[in-house]
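What follows is calculated from the coordinates using simple rules that are stated; it is not laboratory data. No experiment lies behind these values; they were computed from the predicted model shown. Methodologically, a virtual Cβ is constructed for each residue, glycine included, from the backbone with ideal geometry; neighbour enumeration extends over all protein chains shown.
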Amino acid sequence: MNASPNRCLQPTLGDPRAAEAQSCQFAAALSALLCALSFATDSLAQAPTGECPPGTPRVYVDKDANIELNGKRVTSTELSDELSAMDPKPTHACYSHGLQAGNPIPGALSAMRTLVALEIEIVLYTDNTFTTVDPEN
C-alpha cells in the first residue's frame with residue numbers, strides 16, 4: 001500500500017510505531033486548529049509581540065495535562081466558562097505548554113480547542129513565564 005508522505009501511520013495493536021503515529025496525529029490536529037484560528041480571528045496587528053500584557057488571559061498546560069488559567073488550575077469546561085465570563089471578552093490569549101517533543105498532551109489539545117471555539121487569538125509563548133513569544137508563532 002502506498003502511503004502519502006503527509007499522512008500519519010495507522011499502526012495495529014502492539015505496533016511499536018504507535019507513539020510515533022499518536023505524535024503525528026496530535027501535530028496534525030494542532031496544525032488544523034491553529035489554521036482554523038487564523039481564519040476565525042481578525043488581524044494579528046494587535047497580538048502581543050513581547051511579554052504577555054496585563055489583563056490578557058494566560059493559559060498554560062503542564063506536562064501532566066493540567067490546564068491553568070492565570071495561574072489557577074481549571075478543567076477545559078471551566079476554562080471555557082471563565083473566558084466567556086470575562087468582560088470585556090478577550091480577543092487574545094497567551095498560551096504555553098510543557099510539551100516535550102514526541103509526547104502529545106491531551107490537555108494541550110483540549111485547551112486549544114476551547115480557545116478556537118471561543119474565537120480567541122492564540123499567541124504562543126516559550127514557557128509559563130509568558131515573557132518570550134515563541135519564534136515559530
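Which order do peptides 108-115, 61-68, 129-136 fall in by mean Cβ count within 10 Å, highest first?
Values: 108-115: 21.4, 61-68: 16.8, 129-136: 12.6.
Highest to lowest by the protection proxy: 108-115, 61-68, 129-136.
Could you please report the charge total around Ser96, scoring K, R as +1 and D, E as -1 over all other residues with beta-carbon less than 14 angstrom from its beta-carbon? Mind showing how you got there, number by number?
Numbers: positive: Arg58, Lys63; negative: Glu51, Asp62, Glu68, Asp127, Asp134, Glu136.
Every neighbour counted, the sum reads -4.
With each label point set 7 Å from Cα along the Cα-Cβ vector, what nm distance links Glu82 and Thr49?
The two pseudo-label positions are separated by 3.0 nm.
Give me the net charge for the shell around Thr131: Cβ to Cβ below 13 angstrom, other residues only, Lys and Arg +1, Asp and Glu -1.
-2
Quick one: net charge of Val74's neighbours, Cβ under 13 Å, K/R +1, D/E -1?
Neighbour charge sum, excluding Val74 itself: -2.
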